[in-house]
Amino acid sequence: MLLTGPTITLRYPEQRDADALLHHASDPDVTQWFSWGPYTDIEQPRAWIAQQQQRREDAIQIDFVIDHHEHGVIGITGLTEFSARDRRAIVGTWFGKEHWGTGSNAESKALIAHFAFAVCGMERISAYANPLNGRSVRALEKVGYSLE
């Protein structure tokens with residue numbers, strides 16, 4: 001599965017992505033609002049990558065690496081908490097700190113929205129952000145999400 005935009009491609013994670021994910025997710029600023037992290041060992045992203053195919057098959061989560069055409073893997077985006085009855089899912093996205101504010105968030109959100117609506121048949125997507133995480137709240141609002 002490839003979703004390609006002007007500067008990024010969303011694709012399924014592969015073991016070759018582990019070094020880049022370790023680099024980005026070992027930064028406490030990147031993971032401070034997560035339920036996990038920061039990564040401290042290469043085995044952590046390797047284990048996450050190894051789980052992805054089964055998570056897709058079980059319809060638990062569909063995650064993509066955000067592969068920048070010039071910079072390589074810069075983050076992750078995906079869908080989780082699928083509700084077939086309500087035709088909705090939750091979007092989650094994170095980037096390495098050096099890619100904050102570069103425009104990649106808007107592009108990745110457009111690609112994942114296309115995937116959710118056109119490919120998965122969703123009618124609603126939403127996202128979580130801790131209200132104290134102003135950067136995340138502003139980034140979601142900037143691409144059209146509204147606070148509920």
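The values are calculated or read from the model by the stated rules, or taken from the named source; none is laboratory data. Small disclaimer: the values here were computed from a predicted structure and weren't measured. Note that we place each Cβ from the backbone using ideal geometry, even for glycine, and neighbour counts take in every protein chain shown. Please note that ligands, DNA and RNA were not included when accessible areas were found on the heavy atoms of the full protein model with its side chains. Shrake-Rupley method; radii C 1.70, N 1.55, O 1.52, S 1.80 Å.
Numerical summary
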read-out	value
Qualifying residue in segment 68-85 (condition: of a type in the set (F, W, Y) and either closer than 22 Å to S136 by Cα or surrounded by fewer than 15 Cβ atoms within 10 Å (Cβ to Cβ) (or both))	yes
Residue list for segment 1-12, filter: open to solvent by less than 50 Å² (accessible area, probe 1.4 Å) and either of a type in the set (D, E, K, R) or not in a strand (DSSP E or B) (or both)	G5, R11
Among (1) within 27 Å of Q15 (Cα to Cα); (2) outside any loop (DSSP other than H, G, I, E, B); (3) touching a residue at least 40 places away in the same chain (Cβ under 8 Å), the one test that I125 misses	(1)
Hits in segment 13-26 (condition: open to solvent by 60 Å² or more (accessible area, probe 1.4 Å) and in a loop (DSSP other than H, G, I, E, B))	E14
First in segment 105-116 and under 12 Å from A127 (Cβ atoms), second anywhere and part of a helix (DSSP H, G or I) and open to solvent by 30 Å² or more (accessible area, probe 1.4 Å), Cβ under 8 Å, 6 or more apart	N105/A139; N105/K142
Candidates W100, W48 - the one that is within 14 Å of the chain's Cα centre (by Cα) and open to solvent by 70 Å² or more (accessible area, probe 1.4 Å)	W100
Candidate set from segment 27-69 (those that are of a type in the set (A, V, I, L, M) and part of a helix (DSSP H, G or I)); member that is nearest to R11 (Cα to Cα)	I49
Residue under evaluation A129, criteria (1) closer than 23 Å to W48 by Cα; (2) in contact with a helix residue (DSSP H, G or I) (Cβ under 8 Å, 6 or more places away or on another chain); (3) open to solvent by less than 70 Å² (accessible area, probe 1.4 Å); (4) at pLDDT 95 or above, criterion not met	(4)
